[in-house]
Amino acid sequence: MTLDTGIFQQLEDTIARVVRERWVPAEDHVEETGEVPENIINEMKELGLFGLTVPEEYGGLGLNTEEEARLMFEVGKAAPAFRSVFGTTIGIGSQGLVMDGTEEQKQKYLPQLAAGDIIGSFCLTEPNAGSDAKAVQTTAILDGNEYVLNGTKRYITNAPRAGLYTVYARTNPNDKNASGVSAILVEAGTDGMTTGKTDKKMGQKGTLTSDVIFEDCRVPATQLLGHEEGMGFKTAMKVLDRGRLHLAAACVGMARRLIDDSLAYAMERKQFGKPISDFQLIQAMLADSETELYAAQTMTLDACRRRDAGENTARVAACAKYYATEMVGRVADRAVQIHGGAGYIAEYKVERFYRDVRLFRLYEGTSQIQQLIIARDMIKNAH
């Protein structure tokens, strides 16, 4: 659905204000402690951020893809940890359920996800199945009216705090192809499921990732997503298609923050008796970043509108994710350069963001995987 223009504008303005007045001032706390303050998480729930993309009939706002992207343009201006708290839930953590869940499954979980009572997590990556997502080794073997899960999932966002995990596992061990993979909903606290210690990462402090381990973990057969085996890989690809646009939009927001911080610094910092923003080589870096940001923003919005119009957007979503994530890396690099030595010092946030943005080119499909998706689709449609 699409929100009334006035209501959406009000929501957009509110989120922009919250990012500016509440999240940005809390960035140092998150960097130091590795945790988003509980009062800010409660404010996110009150704002309805956990239900942005959940359909209205299940307690959410039911935003379309373009509306979601426009909000991520604002959310992306703060440290990634803030988006991560609810971003996984409204994206890959809930969309499989929205797209392919049974009515009973939707009624059971979507209202809880939309309210932020439980956080959603997407369990696809494994020690030996990263970019090669079809190589899933985790198994879910039907035993009577239960599935028995065994295996390990790796680098799972929000695993330490999630309440519901969408787990991609091989329900047919004899089928080594994608058709042997199914999606199963597993609740936190289920016997036989544990999470590993929280990963220590290069950046993105406050975004929690860890292993999820299944050892003879039994779940009712009714937890099979959509009550149909062999559809897991298709569900995962549809979910990632939308998730890539969400990430592209977040990168646009982060690039905006980096450029604004760089411009402010350049206009304030004086060398040779004048602001460094007067020097043409500084201006060139600012102009390059602004141009690339504009291209990524335009590309992302176009892909979102196409998706909302019902087009197959696998190729353009990959284009947007590929370009926007690479773009924000270049923008971050220029931001450090404009700041000079100060850009390498932790006191200035560009040092932190330089580390943070590196992850965007890796998860939900590396840049190289996006290139393959784009090229293979081009070849397939050339005949």
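Where a number appears in this text, it was derived from the coordinates with a stated rule and is not lab data. If you're wondering where the values come from, they're calculated on a predicted model, not measured in any experiment. Cβ atoms come from the backbone with ideal geometry, glycine included; neighbour counts cover every protein chain shown.
A few notes on this one:
- Region 310-329 and region 260-285 have their alpha-carbon centroids 32 Å apart.
- Rg and Dmax of region 5-115, Cα atoms only, in Å: 14.2, 43
- Normalised per residue, the volume of the convex hull around the Cα set of region 120-230 (Å³): 95
- Against the rule of thumb 2.2 N^0.38 Å, how large the Cα Rg of region 177-277 comes out: 1.79
- Estimated 222 nm signal from helices in the chain, with DSSP H stretches of n ≥ 4 weighted -39500 (n - 2.57), rounded to 500: -16000 deg cm²/dmol
- Between 0 and 90 degrees, the angle of helix 38-47 with respect to the longest Cα principal axis of the chain falls at about 80 degrees.
- Taking 23 Å as the straight-line reach from the Cα of Lys238, the lysines in range (excluding those fewer than 8 positions away in the same chain) are Lys106, Lys108, Lys134, Lys153, Lys176, Lys321, Lys380.
- Under 5 Å from the amide H of Tyr155 lie the amide H atoms of Ser210, Asp211, each residue being 5 or more positions distant or on a separate chain, with H modelled from the backbone and absent for Pro and chain starts.
- Sequence-ordered 3J(HN,Hα) estimates for region 326-338 from the Karplus curve with 6.51, -1.76 and 1.60 and θ = phi - 60° stand at 5, 4, 5, x, 5, 5, 5, 5, 5, 4, 4, 5, 5 Hz, glycine and proline given as x.
- Charge-dipole axis of the chain as Lys and Arg at +1 and Asp and Glu at -1 on Cβ define it, positive-most pick from Ala221, Gly62, Ala382: Ala382
- Helix axis angle, 103-115 relative to the chain longest principal axis, alpha carbon, degrees: 30
- Between 0 and 90°, nearest 10: helix 232-268 axis offset from the chain longest Cα axis: 20
- Around Arg257: net Lys/Arg minus Asp/Glu count, Cβ-Cβ under 9 Å: +1
- Centre separation in Å (Cα based) which lies between region 1-37 and region 102-116: 24
- Largest-first principal axis extents of the Cα set of region 304-383 (Å): 53, 24, 19
- Debye intensity ratio in log₁₀ form over the Cα atoms of the chain, taken at each q of 0.07, 0.08, 0.11 Å⁻¹: -0.31, -0.41, -0.77
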